């Protein structure tokens, strides 16, 4: 018997929609340049870079009426740089407000966020693993502060490069809860969280490769986020992680992730529910620490193993 197969190329006629404003406004209290990016959405099969939104007036101000003007330096990229008067964006506990004025649309995009406390990292360590042999994985140590309801976004940089894959969206409430209501508070971050900065991958033969080798560096940051921002990040991860095939029938439906941004008509300051906008505004407190897997660190690991 012979088995025959054929394939037909299908070009689906997908509907097109008007572009939607995208606001990328994740800023923090570090003494460094803060960036807010504005762009427009594009069609699903469009492989071009997003179209930047130029000529907007972008401001952040706090509850004490302190203003921070974000200046457009590149198309769609607006920055604020610390100076001698304001070394950073502000203090923990302060409420902040975002204002984006789009003169050509007669619209003011606004949002609110509060700068919450973060958790302090005690150390970033490398540990010898069993599989594969002579391998190393990394983890950070931080004791989460007492008091329920703190939300975090943990970022990692390997050899100076920010890790931006789907599995690198590491979030938790308090010391490791995945949702509100679970009380894991005032203790060191649980192992699945503190070790999530290590990515385990396979080579072409399917064999597990060592995540870190001699000379590699790891830098970890803990960003405080609001509970609304925590929800936004988790729902974004669900939208990105599409299983495909038959499993797609049971996946979360494609939709825009809820935002804390909304539009105001400039002439009369009335809310405009028909002006579409996506993205998020959050102000974070950040603490970071790093380590390098060098001879000294390997010697510490060997000493630890012998003592153990």
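The values are calculated or read from the model by the stated rules, or taken from the named source; none is laboratory data. Computed from a prediction, not measured in an experiment: that's the story for all the values here. Glycine also receives a Cβ, built like all others from the backbone with ideal geometry; neighbour counts cover every protein chain displayed.
Determine whether residue 54 is surrounded by 11 or more Cβ atoms within 10 Å (Cβ to Cβ) and outside any loop (DSSP other than H, G, I, E, B). No: the conditions fail for residue 54. When residue 174 is tested against (1) buried (at least 16 other Cβ atoms within 10 Å of the Cβ); (2) in contact with a strand residue (DSSP E or B) (Cβ under 6 Å, 6 or more places away or on another chain); (3) closer than 15 Å to residue 120 by Cα, only condition (2) is not met.
So is residue 99 part of a loop (DSSP other than H, G, I, E, B) and over 30 Å from residue 215 (Cα atoms) or not? Considered against the rule, which asks whether it is part of a loop (DSSP other than H, G, I, E, B) and over 30 Å from residue 215 (Cα atoms), residue 99 comes out as no.
From the set of residues in region 152-171 that are surrounded by fewer than 18 Cβ atoms within 10 Å (Cβ to Cβ), at pLDDT 95 or above and not in a loop (DSSP other than H, G, I, E, B), which is farthest from the chain's Cα centre (by Cα)? Out of the qualifying residues, it is 161.
Only one of the listed residues (108, 125) is touching a strand residue (DSSP E or B) at 6+ places or on another chain (Cβ under 9 Å), closer than 30 Å to residue 148 by Cβ and not in a loop (DSSP other than H, G, I, E, B). That residue is 125. Checked against (1) crowded, with 17+ Cβ neighbours inside 10 Å; (2) touching a helix residue (DSSP H, G or I) at 6+ places or on another chain (Cβ under 8 Å); (3) in contact (Cβ under 8 Å) with a residue 60 or more places away in the chain, residue 149 meets all criteria but (1).
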